[in-house]
Amino acid sequence: MLVDNYHRPINYLRLSVTDHCNLRCQYCMPPGGVQKIAHEEILRYEELLRLVRVLIPLGIKKVRLTGGEPLVRRGITEFIRSLSRIDGLQAVCLTTNGTLLGEKIEELYAAGINKINISLDTLDAQKYHVITTRPLWHKVWEAIEKALSFGDVEVKLNVVVMKGINDDEIESFARLAYKHPLQVRFIEFMPVGCGSRWSGEIYMPGAECMERVRKVGDLLPLRHKEGAGPAVVYTFAGAAGEVGFINSISQSFCAFCNRMRITPDGQLRMCLFSDDELDVKKYLRSGMQDAELAGLILKAVKQKPLEHAGYSRLIHQCHRQMSQIGG
Ligand code: SAM
Ligand code: SF4
């Protein structure tokens, strides 16, 4: 089984399926976008499927597709269909910027996706244009409404909280949870990688964000569901939805981390913030047998770092862009 040297079981795989993106969020990407990885360096779908099949007997139960923007990759629906047919895989989830979701949601749902995280950092269309450099707020909002109309799709909104940029909207985002059956997740800004055009001064600790949310109503804690991830989740009396806080920097959840990540170019990363990588692509393409590949991955998992380095030392620490690792 996939267990590291600190006895943490690893059962959650985040697959960054592309480094391409149709947005240029200022907190994620440099102005000219990222230097693209050559097409042949990107893991093919059949290689990803093989990798997942190798990992399931080792304990992986849940796969999340991220990127870049996963919905810009051609053939993504077919890939999801193939993934969701793999025996033993309990959930196939998606993190998306939502801009292409409205037009694809029926086929994605039919292919097996039923947990969707949609990133939306503002409720103001003009501010959205500034943050993402594209005028697509209405498309994302329509996609959110459409996703909610599929009763059994679990919808979460990812809001990266940024001082002076969108902190004036914290209460408005929290109020969405009263009205809609979704989870609004307030995520601490992580000034990591070399992509972000904004740095430390926009960071707001989760505790400060929570104080603002309390102005909307008393927070009623919800029991942590197994496999629900690092968010600490609350609801309000009479609310249809929930609010969650992901305090990646101020309240590290490293002790409970169950994740491993694959970058689009086939590197296995055991920690978002650590540049230690295993070149899985090299082995997938070398004719190596599954059992040997599994052995190498088991060894790499053992070396998962106990924790990340803490806020000040994180800044610009890892050499990859957030859009390559997938958040
Ligand atoms: N393109 C998709 C999207 O935006 O949802 C998936 C990839 S994106 C890198 C995954 C998540 O990382 C998004 O929710 C995004 O808001 C978050 N993210 C990107 N840069 C971040 C940063 N510097 N700090 C915190 N979260 C960040
Ligand atoms: Fe693209 Fe997502 Fe990064 Fe925005 S956060 S630039 S949508 S990868």
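Pairwise alpha-carbon distances in the stretch 35-185 exceed 23 Å for 42% of all pairs.
A simple spin-label model places pseudo-atoms 7 Å from Cα toward Cβ; at residue 215 and residue 254 they are separated by 3.4 nm.
What the Cα convex hull of the stretch 197-244 gives, in volume per residue, is 117 Å³. Each residue, residue 123 and residue 106, gets one label point 7 Å from its Cα in the Cβ direction; the gap between the two is 3.0 nm. Here r is the Cβ-Cβ distance between residue 302 and residue 22 and R0 is 30 Å; the resulting FRET efficiency, rounded to 0.05, is 0.20.
The fraction of Cα-Cα pairs per 5 angstrom bin, counted from 0 for the stretch 248-301, comes to 4, 18, 26, 22, 13, 9, 5, 2, 1 percent, rounded to whole percents. Taking 0.36 nm per residue of separation and subtracting the current Cα-Cα distance, fully stretching the chain between residue 61 and residue 142 would add 26.1 nm. Of the Cα atoms belonging to the chain, the radius of gyration and Dmax stand at 18.9, 59 Å.
Proximity of backbone amide H atoms, modeled 1.01 Å from N, is registered between residue 119 and 96, 97, 98, 158 at under 5 Å, excluding neighbours fewer than 5 places apart on the same chain. Approximating the spin labels as points 7 Å out from Cα along Cα→Cβ, the residue 154-to-residue 84 distance works out to 1.5 nm. Of all DSSP beta bridges confined to the stretch 185-252, the antiparallel ones make up roughly 60%.
Estimated at 0.36 nm per residue, the fully extended path between residue 74 and residue 41 surpasses their Cα-Cα distance by 10.3 nm. Measuring spread by the Cα atoms of the stretch 182-292 yields a radius of gyration and Dmax of 18.5, 59 Å.
Using only Cα atoms, what is the ratio of the radius of gyration of the stretch 103-174 to 2.2 N^0.38 Å?
Against the compact-globule rule of thumb, the ratio is 1.19.
No value in this document is a laboratory result; all are computed from the given coordinates. The structure presented is a predicted model; accordingly, all values stated were derived computationally and were not measured. Please note: Cβ atoms are built from the backbone with ideal geometry, for glycine as well, and neighbour counts cover all protein chains shown.
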